[in-house]
Amino acid sequence: MKHYDPLKFWNFLRFGPGNVTYACPDLKTLSVYCRGDKAQMERLLEPLPFELADDRFVVSIADFGNNSGRTYFDAAVIVPIRYGDHVGGTYYFEYEDKHTTVAGGRELWGYPKHFARIELEQTASGVRGKASLYDDLMFEISVDFDSSASRDAWADLSLFPHYQVRAVPEVNGPGFQSFDIISRNTIKDYKLTERKVGRGTISLGPTIAVGDETLRVIEVLGAEYTIGDFASTPENGVPTVVASLV
């Protein structure tokens, strides 16, 4: 049998190892902040080892068009959670528009990524975004800029670090070979250059659901469009294992 270096397998997977670092100057992000139904959000988190930390959550679309690796769009619903003494956010629903970034994010770091078509574009009064696939709408969001709008309703919301579950199923059993909770805090290296705030709108499709119920939005708190320099560095972008449950 010939000698084989397992590191060659990265070339077959077409994405890099877990300690890869990258940067995206002028990352453009549209975020709509909402208040949900607390009891429903708690049911949403039942499959995860996390507890709900707040009844507010954010729905966002980000344009990684300037990314130093593969360029892509990212769409997400991020929920504030608590795990023991750790408080931050978890990506509960996440979509991207490149197969390699979907696979890489899921397998490396546990982000629950699925494929979707994602749009982000300027309008006459603000910015709109949409995540969909064929006839299925994941969500549609927008902001109408308003100089009198305030961030007070969500400025204190804690969504970093991110905590995700990276679970590797058993090959021939009902459980998991490994089950790690990992932490990643890219906000430490993020440099904001522009922010516009305004009135937000949101429409969630049946994919964003708790069981058979679409995730309820009790109140739209507002929205913002930001531009800033994103970086995933060895210090903060490479995840660390917080706990291993298997």
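What shape does region 76-164 take by its C-alpha gyration tensor, where a ≥ b ≥ c are the square roots of the eigenvalues and a/c under 1.5 counts as rounded, a/b above b/c as prolate, and the rest as oblate?
Working: a/c = 2.74, a/b = 1.08, b/c = 2.54.
It comes out oblate by the Cα gyration axes.
Leu192 to Ser244: FRET efficiency via 1/(1 + (r/R0)^6), r the Cβ-Cβ distance, R0 25 Å, to the nearest 0.05? Let's see the in-between values first.
Working: r = 35 Å, r/R0 = 1.38.
So the FRET efficiency works out to roughly 0.15.
How large is the dipole of region 51-106 about the Cα centre if only Lys and Arg carry +1 and Asp and Glu carry -1, each at its Cβ, rounded to the nearest 20 debye?
On the way: 5 positive and 9 negative charges, 40 e Å.
Taking the Cα centre of region 51-106 as origin, the dipole is about 200 debye.
Give me the one-decimal nm value for the distance between modelled label points at Ala209 and Leu7, 7 Å along each residue's Cα-to-Cβ direction.
Calculated label separation equals 4.6 nm.
Within a Cβ distance under 13 Å of Ser148, other residues only, what is the Lys/Arg minus Asp/Glu net charge? Provide the component values of the computation, followed by the final result.
Numbers: positive: Arg151, Lys196, Arg199; negative: Asp144, Asp146, Asp152.
Overall, the nearby charge balance is 0.
What percent does the relative contact order of the chain come to when contacts are Cα pairs within less than 8 Å and at least six residues apart? Can you show the working numbers first?
On the way: 609 pairs, mean separation 59.1, N = 246.
Reported relative contact order: 24 percent.
Normalised by the number of residues in region 32-161, what is the relative contact order in percent for Cα pairs under 8 Å and 6+ residues apart?
Details: 241 pairs, mean separation 25.4, N = 130.
Reported relative contact order: 20 percent.
How large is ³J(HN,Hα), in whole Hz, for each residue of region 202-211 in order, when computed from phi with the Karplus curve 6.51 cos²θ - 1.76 cosθ + 1.60 and θ = phi - 60°, using x for Gly and Pro?
8, 9, 9, x, x, 5, 7, 9, 10, x
Based on the mean of other Cβ atoms within 10 Å per residue, sort peptides 233-243, 10-20, 136-146 so the most packed one is first. If you can, show how the numbers build up before the last one.
On the way: 233-243: 15.1, 10-20: 11.8, 136-146: 19.8.
The densest-packed peptide leads the list: 136-146, 233-243, 10-20.
May I ask you to order 223-231, 153-161 by the average number of other C-beta atoms within 10 Å around their residues, highest value first? Each step should come with its number before you reach the end.
On the way: 223-231: 19.8, 153-161: 16.3.
The peptides rank, most packed first, as 223-231, 153-161.
What does the convex hull of the Cα atoms of region 140-195 come to per residue, in Å³, rounded to a whole number?
Details: hull volume 9.6 nm³, N = 56.
Considering the Cα atoms of region 140-195, their hull volume per residue is 172 Å³.
Counting each pair of different Cα atoms once, what's the Kirkwood radius of region 124-246 in Å, rounded to one decimal? Let's see the in-between values first.
Values: mean 1/r = 0.0561 Å⁻¹.
Roughly 17.8 Å, rounded to one decimal.
Quick check: the angle from helix 99-109's long axis to the longest principal axis of the chain, C-alpha only, nearest 10 degrees?
Around 70 degrees separate the two axes.
Per residue, how much accessible area does the chain show when a 1.4 Å probe rolls over the protein heavy atoms, in square angstrom?
Heavy-atom accessible area per residue stands at 52 Å².
Could you compute the net charge surrounding Tyr83? Neighbours are other residues with a C-beta less than 13 Å from the C-beta of Tyr83; K and R count +1, D and E count -1. Please list the in-between numbers first.
Details: positive: Arg82; negative: Glu51, Asp85, Asp180.
Net charge in that neighbourhood comes out at -2.
For Leu192, what is the net charge nearby, where nearby means another residue's Cβ is under 15 Å from its Cβ and Lys, Arg count +1, Asp, Glu -1?
Details: positive: Lys28, Arg151, Lys188, Lys191, Arg195, Lys196; negative: Asp26, Asp189, Glu194, Glu224, Asp229.
Once positives and negatives cancel, what remains is +1.
Quick check: the distance between the Cα centres of region 203-231 and region 1-41, to the nearest angstrom?
One Cα centre to the other: 20 Å.
Based solely on C-alpha atoms, express the radius of gyration and the Dmax of the chain in angstrom.
Using the Cα atoms of the chain, the pair Rg, Dmax is 18.3, 71 Å.
The values are calculated or read from the model by the stated rules, or taken from the named source; none is laboratory data. Note that the structure is a prediction, hence the values are computed from the model and not measured. Positions of Cβ are generated from backbone atoms using ideal geometry, with glycine treated the same way; all protein chains shown enter the neighbour counts. Protein only, heavy atoms only, side chains kept; ligands, DNA and RNA dropped before computing areas. Shrake-Rupley method; radii C 1.70, N 1.55, O 1.52, S 1.80 Å.
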